[in-house]
Every structure is written in structure tokens, then in C-alpha cells.
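Before any comments, here is the structure.
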Amino acid sequence: MDLNLHLVRYLVAVVDEGHFGRAAARLLVSGPALSKQIRTLERRLGVELLDRSAHPVVPTEAGRRFLPDARAALAAADRAVAGIEAYRRDLHGVLRLGFMSAATGTHTRRILELLQRDAPAVSVQLVQLPWHEQVSAVRDRTVDAALVRPPVADPGGLRFDLVRHEPRVVALPAGHRLAARSAVTLADLDGEPHVDDDRSDRVWVRWWACDPRPSGAPVRYGPVVHTMDELLEVVGRGAAIAITGGSVADSFRHPDVAFVPVLDVDPCPISLCTLDGEQSTLVAALRRATRAVQDTFGAGS
């Protein structure tokens, strides 16, 4: 018999939610309609796949045997459809490039200029991403590529083409004791509360806060921020400091915030992130443009 993947997707939703009502809401169908579809699948297979007496609903033994390959079939179907969507975007010359705050600068503009030269019909859609979605947006194909900053907790299945390294700076209240310095060290910042972020991976948060510090001093975390505008407001009112990329100082201005270079921290790499197996002609052109800019200007510029 032919397997109806539409029915399989309904089954997986019920198993994942453990409840017909929640699965129906997720699928935007009525509960009775969902139950009827699952029964149709069970009749075609000749077995019961769900134990409806259990709370939450769980698969039967037959369901447990069926689900791993069924999920794999759905994943393969999703990849096939995504491949066609990528092909259609190629035909229409649309490439979606994700970026975070201040990730677009001279290098990015040069990359896009070279891309336009290589693919004159391309239309680039710039998509600003929340900090915590810089990689997930590539994985789920919300964007075709993204300019990302480290660290990436799970780089599996992704490709990173280095664009440049940028120095890191600290954002300080304009009246701070260090704000007039030409540069500071991490030891100068010990004891200062650093902005926090409750949506991003802790590895990301700690890397940007330079936690742990070389001195061994614990890093204190201050108010939670999710955007660059929120960060600048928090710093401007003196509630915390923030270590960030040097390009932020070029892209953002706040009357109550000063940016000072931090001498003893590694620079921040900015990379073009794409799916490792992506074969789109536009993504390939974007990678070529990125390499050309890196070769011309160097990673440290």
C-alpha cells in the first residue's frame, strides 16, 4: 500500500503532544477530524497505532515500531520539498541573508556587490535575526544564509566561511570612570555587572562576558537584554556594561554610552553560515563572493 504522509504527520503530532486536543490545535484541525484521520491510517495498516486509554496518549507496540521509519520518511519529504523551494527561489533570484545587529558593514556591502556582479538578477532580502536565532534560522531555512558571531553550540551540518575578525569593545556609561580611556583590560572591568540574555545559550552569554576572567574574579550579571537597543539603554542608565563587537560602535550611537577597546580579549570572527550540503546556485555565488572579499581584505581587517 502507498503511505499517506499527510496521515503520518497527524500521527506524529499526536504522539509528540500526547494529547489529541493539543495536536489538533497545532495542526489547525478539529479534534474529531484528527481522530478520524488517525483511524483511517490504522485501518490501512491493519493495526492500532495509539493507546488512547493512556494519559498522555502513547504509541502501541505497533506504533513504536512504525514511528522511527515514519519520522524518517517525513524528514526526507520535508527535505525534498525544501529543495524544490530553494530551486524556485533560484529561478526567481531571491536570496535571504540573515544578520544580527551591526553585522552589515563594509565587508558585507562588498560581498553583496560581488554577488550582484556574479548573479545580476539576484534580489537579496536582508533579514534581521534575534541573537539566539542566528543559526536556527539557517537550519530551519528561514534564511538561506546568515552572518553569525560565535560561539555556535552545535555546528553540526553547518558550514562557516570566515568574513573577518573584528576587535571587541566594552560599552560603558558615558560618565563611567573608564569611559575616557583609550583602551581597557579585562582586569579593569572586574566587578562590573555585565548584561545578561535569558534566550541565548549560556555558552554564548559567557563568551561575550569573557567569563571566566583571567583574574579569577567572578562575573556578575545584570539586567537581561534581547536587542542592541535594549543593551544600549541598560548601559546608558548605568545598570551594567557590555562587551560587544567593534562594529557596534560604528553602527550605533547613544548619547549616554561610550565604547572603549578591550586589549586582552580575542577578536570576534564573523562568518557566513550556510547548510553544509546546500547546493543552491545563489548560495554558491554568495560563498564565492565571501571568499573573494576575505582574500582581498584579509580576515583581520
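The values are calculated or read from the model by the stated rules, or taken from the named source; none is laboratory data. Not measured: the values here are computed from a predicted model. We place every Cβ from the backbone using ideal geometry, glycine too, and count neighbours over all the protein chains shown. Just so you know, the surface numbers come from the protein's heavy atoms only, side chains and all, with ligands and any DNA or RNA stripped out. Shrake-Rupley method; radii C 1.70, N 1.55, O 1.52, S 1.80 Å.
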Q | the range 160-178 - residue that is of a type in the set (Lys, Arg) and open to solvent by 30 Å² or more (accessible area, probe 1.4 Å) and, of those, farthest from the chain's Cα centre (by Cα) | A | 177
Q. Would you pick out the residues in the range 29-74 that are charged (D, E, K, R) and not in a helix (DSSP H, G or I)?
A. 48, 51, 52
(Q) Could you tell me how many of the residues in the range 189-208 are closer than 15 Å to residue 132 by Cα and either part of a helix (DSSP H, G or I) or in contact with a Phe, Trp or Tyr (Cβ under 6 Å, 6 or more places away or on another chain) (or both)? (A) 9
Q) Residue check: is residue 280 open to solvent by less than 70 Å² (accessible area, probe 1.4 Å) and in contact with a Phe, Trp or Tyr (Cβ under 6 Å, 6 or more places away or on another chain)? A) no
Q.
I'd like to verify a number: residues in the range 147-184 that are in a loop (DSSP other than H, G, I, E, B), at pLDDT 95 or above and among the aliphatic types (A, V, I, L, M), how many?
A. 5
Q: Considering only residues that are at pLDDT 95 or above and charged (D, E, K, R), look in the range 198-219 and name the one that is most open to solvent (accessible area, probe 1.4 Å).
A: 206
**Q.** Selected residue (criterion: least open to solvent (accessible area, probe 1.4 Å)) from residues of the range 118-132 that are touching a residue at least 12 places away in the same chain (Cβ under 8 Å), out of contact with any strand residue (DSSP E or B) (no Cβ under 8 Å at 6 or more places or on another chain) and not hydrophobic (A, V, I, L, M, F, W, C)
**A.** 130
Q | When residues of the range 9-35 are limited to those that are under 22 Å from residue 77 (Cβ atoms) and of a type outside the set (A, V, I, L, M, F, W, C), the one surrounded by the most Cβ atoms within 10 Å (Cβ to Cβ) | A | 10
